[in-house]
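See below for the structure under consideration.
A short reminder: the numbers here are calculations on the coordinates, not readings from a lab. No experiment lies behind these values; they were computed from the predicted model shown. Here the Cβ is made from the backbone with ideal geometry for all residues, glycine too, and neighbour counts use every protein chain on show.
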Amino acid sequence: MLVMDRENIYAPGWSHVLSTTNNLAELDAFRIRVGAPAAALHVSNRGVPHLDLKLEARDYALVSPDVLVFARTAEMLRYLRR
């Protein structure tokens, strides 16, 4: 399952997408589906893969029925920690 913040408060116009299972293939397939460039896929210092999306790719992701969207990044992270 993919989760996403509506907008990152530290980077206006950007959203993060994470896999609840840290599935790199799932994130990459979603990246391709929403039209994001390969550079949108990152692995954090903690080894957590995620997408950084903006513009059209972000707009497509926000309306995707298979993504759980959170209003705030903190809410998304709390959900992932449960």
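Applying a threshold of 7 Å to beta carbon distances and a minimum spacing of six or more residues, or different chains, the list of pairs starting in the range 62-82 at a residue that is in contact (Cβ under 8 Å) with a residue 24 or more places away in the chain and under 16 Å from Glu7 (Cα atoms) and ending at one that is small (Gly, Ala, Ser) and part of a helix (DSSP H, G or I) reads Val67/Ala61. If you check Ala36, Ala57, Ala74 for being crowded, with 16+ Cβ neighbours inside 10 Å, touching an Asp or Glu at 6+ places or on another chain (Cβ under 9 Å) and of a type in the set (Gly, Ala, Ser), only one passes: Ala36. Among helices (runs of 4 or more DSSP H) entirely within the chain, having at least 2 residues that are among the charged types (D, E, K, R) and touching a strand residue (DSSP E or B) at 6+ places or on another chain (Cβ under 8 Å) singles out 24-34.
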